[in-house]
Each structure stands twice: as C-alpha cells, then as structure tokens.
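Visitor: Pasting a structure below so you can have a look.
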Amino acid sequence: MTAARLTLPSPAKLNLMLHILGRRPDGYHELQTIFQFLDYGDEITFAVRDDGVIHLHTEFEGVPHDSNLIVKAAKQLQAQSGCRLGIDIWIEKILPMGGGIGGGSSNAATTLLGLNHLWQLGWEIDRLAALGLTLGADVPVFVRGHAAFAEGVGEKLTPVEPEEPWYLVLVPQVSVSTAEIFSDPLLTRNSPPIKVRPVPKGNSRNDCLPVVARRYPDVRNALNLLGKFTEAKLTGTGSCVFGGFPSKAEADKVSALLTETLTGFVAKGSNVSMLHRKLQDLL
Ligand SMILES: C[C@@](CO)(OP(=O)(O)O)[C@H](O)COP(=O)(O)OP(=O)(O)OC[C@H]1O[C@@H](n2ccc(N)nc2=O)[C@H](O)[C@@H]1O
Ligand SMILES: Nc1ncnc2c1ncn2[C@@H]1O[C@H](COP(=O)(O)OP(=O)(O)O)[C@@H](O)[C@H]1O
C-alpha cells in the first residue's frame, strides 16, 4: 500500500485591532481582537506511516523536535483519538517566528486538520478547536478558518467579514516575547468592552503597541516608515507591522522602498483561510 500523502497551506494571521479588557485570576489577559488571515504562509507535507511514529523531518533553529507545535498537535491528536497510525512531516517555513502573525499556531491547526483527514478520524471542528486551544490561544481561529471577532483569551469566536485589502507586512528583525509585553506595568489593561456588533469604526487600535514601540526601536522605526504611506498597525504583540492598500500594485510600490535591514512581504487579506479553501477542494 502506498502511504497517503498530503500538502496543505498554513497561513498567517493579522490582529486588525486588539483591546485588553483586564487580567484574569490566573494572570492571563482578557482580550477583544479581530483575526483575519493572509494568503501567505508555510506549506506542510504529511505522509502516513503505519508504525505509529510521529516524525517532523524539518529542523527548526531553537525549537527542539518535541517542543514543536506541529509535533505536539500530532501527538495530542494521536493520544486522544487512540489512532495507531503515525506520520512523517516536512515543512517549508516562510513565516517569521515570534512576529505576531501566528505561524506556530497555524502550523498546529494545519496539522490537526491534515491528520484528521489522513487518519480518517472524522472529528468535528468543535472538538479539533477545543484540542487546539490547549496548544495555544490562537489555534482555534486557524482550525475554524474564518475571520473572527475573538473574546476571552481568543477562544470565543464570532465570524466577521472585514474588508480584504492588500497588506504590506514589515518584519523587523526582532522577536518580541508575548510574556514580556503582558507583564509590562505600563500596559493598558482597562479598555472598555465593545458591546456592539459589528465593531464600530474607530476601534482599530492595538493596546500592546505603545509598550512594544517603547521597548523595541526596530518596531518603532517600522511603524514610522509605513506610517508615511498608510495607517501602520502592530499585529498581536509584534514584531510585525502592517498596513492596508487598495491594490497589490500600491502595496508593491511601497515594498520596493524597503532596504536589506527592513524586509517585508505583500499579501492579500482573506476572510476564509487558504487552508480551508484547499480542504474544501479535496472533499
Ligand atoms: C496576544 C496574541 C494575539 O494574537 O499575541 P501573538 O502571540 O499573536 O503576538 C495571542 O493571543 C497570544 O496567545 P498565545 O500565543 O497563546 O500566548 P503565549 O505566547 O502562550 O503567551 C505567553 C504569555 O503571555 C501572557 N498572556 C498571553 C495571552 C493572554 N491573553 N494573556 C496573557 O497574559 C501569559 O503570561 C502567557 O504565559
Ligand atoms: N511550528 C512552529 N512554528 C513557529 N514557532 C513555533 C513552532 N513550534 C513552536 N514554536 C515556538 O513558538 C514561538 C511563537 O511562534 P509564532 O507562533 O510563530 O509567533 P507568534 O505567536 O508571535 O505569532 C516561537 O518563537 C517558537 O519558539
């Protein structure tokens, strides 16, 4: 029998706004945020093996094999489903790590959906999203695959339909620690909850931005540069900075001005993740 094999996309996300409402007793922060996907991401290839072994063949600098969210997702799904099959995995990684564009969470979600398909587990999306939440707060939105207004720590999701512009995403060469930003005493933690849907205009700020910009000069520079052409925003806790443009040509024009010290990429915003579009085609 030839091993079943599948290659799936693992897109990035942006936080179009991010408000911090307060801190829970366990120290985690209550958020309100809007997630939108980018048609840009990694590509993961899976090949079923019948000996139960889970092996990620691509090495990640600084991330040991068993700490990789891809391996963690596969092991959890295997343990919880009782599946006796294993998997060989390769990834073409283009998303920067620790950039606030959710690469690790997206990789975990692509793994859950890919293995659910290849191992023929028949798990419902709700169950996969619940497992995903144990791996990271941003995993459920990638499992569900639709742009969403998120509450709680990001697990209460309401689908939304923001505009889908072209974005220029700048990638400052620094990795921002999410834990460090959430423990900064100067962080705004008392934004009033937005109770009206859809989210009214004028609420697109990211409460993490002032703290990140103060601590990281490279992020500050990226915000200043992009801010000359369009509204420049921070995604998640950074380090990536993004701005919307009405066309690819206009985003490309600004991108062409980037230097070797500040790189970036142009990608279309998308309310349905390219992972889900590909899975739809398979079924
Ligand atoms: C804030 C977001 C927005 O998308 O940032 P990015 O990681 O994408 O930048 C995410 O929800 C991040 O969620 P997740 O990726 O699970 O966070 P982790 O890195 O595990 O969090 C590291 C640490 O930050 C703090 N933390 C994180 C999330 C949260 N809502 N409140 C917190 O206080 C906790 O101390 C946690 O231990
Ligand atoms: N498959 C993976 N891809 C990226 N990062 C991973 C992966 N597995 C574990 N990690 C760890 O998770 C951290 C956060 O990664 P990532 O999701 O890319 O950033 P962010 O949460 O800022 O968007 C990385 O710095 C890395 O140590």
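Visitor: Which one of Arg144, Arg84 is in contact with a helix residue (DSSP H, G or I) (Cβ under 7 Å, 6 or more places away or on another chain) and either open to solvent by 10 Å² or more (accessible area, probe 1.4 Å) or among the aromatic types (Phe, Trp, Tyr) (or both)?
Guide: Values: Arg84 fails: in contact with a helix residue (DSSP H, G or I) (Cβ under 7 Å, 6 or more places away or on another chain).
After ruling out the rest, the residue left standing is Arg144.
Visitor: Residues that are without any contact (Cβ under 8 Å) to a residue 60 or more places away in the chain, open to solvent by 20 Å² or more (accessible area, probe 1.4 Å) and part of a strand (DSSP E or B): does the range 45-53 have at least one?
Guide: yes
Visitor: Go through the range 85-139 and report how many residues are small (Gly, Ala, Ser) and away from ligand 1 (no atom under 16 Å from the Cβ). Break it down into steps so the answer makes sense when it comes.
Guide: Pass one, the range 85-139, residues small (Gly, Ala, Ser): 86, 98-100, 102-106, 108-109, 114, 122, 129-130, 132, 136-137.
Okay, now just the ones that are also away from ligand 1 (no atom under 16 Å from the Cβ), so 86, 114, 122.
Number satisfying all stated conditions: 3.
Visitor: Residues to consider are Phe149, Phe142, Phe182; find the one that is more than 16 Å from ligand 2 (Cβ to nearest atom) and under 21 Å from Glu30 (Cβ atoms). Don't jump to the end; show me each part of the working.
Guide: Values: Phe142 fails: more than 16 Å from ligand 2 (Cβ to nearest atom); Phe182 fails: more than 16 Å from ligand 2 (Cβ to nearest atom).
Step by step, each of Phe149, Phe142, Phe182 is checked, and only Phe149 is more than 16 Å from ligand 2 (Cβ to nearest atom) and under 21 Å from Glu30 (Cβ atoms).
Visitor: Any idea which of Ser239, Ser247, Ser273 is under 15 Å from Asp39 (Cα atoms) and within 16 Å of ligand 1 (Cβ to nearest atom)? Even if it seems obvious, please write down each step before you answer.
Guide: On the way: Ser239 fails: under 15 Å from Asp39 (Cα atoms); Ser247 fails: within 16 Å of ligand 1 (Cβ to nearest atom).
Ser273 is the lone residue from the list that is under 15 Å from Asp39 (Cα atoms) and within 16 Å of ligand 1 (Cβ to nearest atom).
Visitor: Quick check on Leu121: is it within 21 Å of Leu283 (Cα to Cα), in contact (Cβ under 8 Å) with a residue 24 or more places away in the chain and surrounded by 24 or more Cβ atoms within 10 Å (Cβ to Cβ)?
Guide: Details: within 21 Å of Leu283 (Cα to Cα): yes; in contact (Cβ under 8 Å) with a residue 24 or more places away in the chain: yes; surrounded by 24 or more Cβ atoms within 10 Å (Cβ to Cβ): no.
Answer is no for this residue.
Visitor: Scan (1) within 16 Å of ligand 1 (Cβ to nearest atom); (2) touching a Lys or Arg at 6+ places or on another chain (Cβ under 9 Å); (3) open to solvent by less than 20 Å² (accessible area, probe 1.4 Å) for the single condition Glu30 breaks and write down its number.
Guide: (3)
Visitor: Applying the selection to the range 265-283, what residues are open to solvent by less than 30 Å² (accessible area, probe 1.4 Å) and either of a type in the set (Asp, Glu) or over 21 Å from Gly145 (Cα atoms) (or both)?
Guide: Phe265, the sole residue that qualifies.
Visitor: If you don't mind, another one. Every residue in the range 94-141 that is part of a helix (DSSP H, G or I) and among the small types (Gly, Ala, Ser), please.
Guide: The first filter runs over the range 94-141 and keeps only residues part of a helix (DSSP H, G or I), leaving 103-118, 125-133, 139-141.
Selection gives Gly103, Gly104, Ser105, Ser106, Ala108, Ala109, Gly114, Ala129, Ala130, Gly132.
Visitor: Something else about it: Please work out if Ile91 is touching a residue at least 12 places away in the same chain (Cβ under 8 Å) and either part of a strand (DSSP E or B) or in contact with a helix residue (DSSP H, G or I) (Cβ under 8 Å, 6 or more places away or on another chain) (or both). First the steps, then the outcome.
Guide: Numbers: touching a residue at least 12 places away in the same chain (Cβ under 8 Å): yes; either part of a strand (DSSP E or B) or in contact with a helix residue (DSSP H, G or I) (Cβ under 8 Å, 6 or more places away or on another chain) (or both): yes.
Taking the combined requirement at face value, the residue satisfies it.
Visitor: Next up: Please tell me if Thr237 is more than 16 Å from ligand 2 (Cβ to nearest atom), at pLDDT 95 or above and of a type in the set (Ser, Thr, Tyr). Reasoning before the result, please.
Guide: Working: more than 16 Å from ligand 2 (Cβ to nearest atom): no; at pLDDT 95 or above: yes; of a type in the set (Ser, Thr, Tyr): yes.
Here the answer is no, as Thr237 does not meet what is asked.
Visitor: Only one of these conditions is not met by Asn206: (1) more than 17 Å from Ala232 (Cβ to Cβ); (2) under 23 Å from the mean Cα position of the chain (by Cα). Which number is it?
Guide: (1)
Visitor: Still on this structure, please answer the following. When you check Gly62 against the structure, is it closer than 30 Å to Asp184 by Cα, surrounded by 14 or more Cβ atoms within 10 Å (Cβ to Cβ), near ligand 2 (Cβ under 9 Å from one of its atoms) and not assigned by TED's automatic domain parsing to the domain that holds Asn206, yes or no?
Guide: Values: closer than 30 Å to Asp184 by Cα: yes; surrounded by 14 or more Cβ atoms within 10 Å (Cβ to Cβ): no; near ligand 2 (Cβ under 9 Å from one of its atoms): yes; not assigned by TED's automatic domain parsing to the domain that holds Asn206: yes.
Here the answer is no, as Gly62 does not meet what is asked.
Visitor: May I pose another question? Go through the residues of the range 58-65 one by one and say whether even a single one is part of a loop (DSSP other than H, G, I, E, B) and in contact (Cβ under 8 Å) with a residue 60 or more places away in the chain.
Guide: So the first thing to find is which residues in the range 58-65 are part of a loop (DSSP other than H, G, I, E, B), and the list is 58-59, 61-62, 64.
Pick out the ones that are also in contact (Cβ under 8 Å) with a residue 60 or more places away in the chain and you get none.
Looking through the range 58-65, none of the residues is part of a loop (DSSP other than H, G, I, E, B) and in contact (Cβ under 8 Å) with a residue 60 or more places away in the chain.
Visitor: Can you tell me which of (1) surrounded by fewer than 19 Cβ atoms within 10 Å (Cβ to Cβ); (2) in a strand (DSSP E or B) is the one Leu38 doesn't meet?
Guide: All conditions pass for Leu38, except number (1).
Visitor: Return the residue satisfying two criteria in turn: it lies in the range 66-84 and is part of a loop (DSSP other than H, G, I, E, B) and not hydrophobic (A, V, I, L, M, F, W, C), and of such residues it is nearest to ligand 1 (Cβ to nearest atom).
Guide: Initial filter on the range 66-84 (part of a loop (DSSP other than H, G, I, E, B)): 68, 82-84.
Of the ones still in play, those that are also not hydrophobic (A, V, I, L, M, F, W, C) are 68, 82, 84.
Working: Asn68: 15, Gly82: 27, Arg84: 30 Å.
Here the answer is Asn68.
The values are calculated or read from the model by the stated rules, or taken from the named source; none is laboratory data. These figures come from a predicted structure and were not determined experimentally. Using ideal geometry, Cβ is built from the backbone for each residue, glycine included, and neighbour counts are taken over all protein chains shown. Quick note on the areas: whole protein, heavy atoms, side chains included, nothing else; ligands and nucleic acids left out. Shrake-Rupley method; radii C 1.70, N 1.55, O 1.52, S 1.80 Å.
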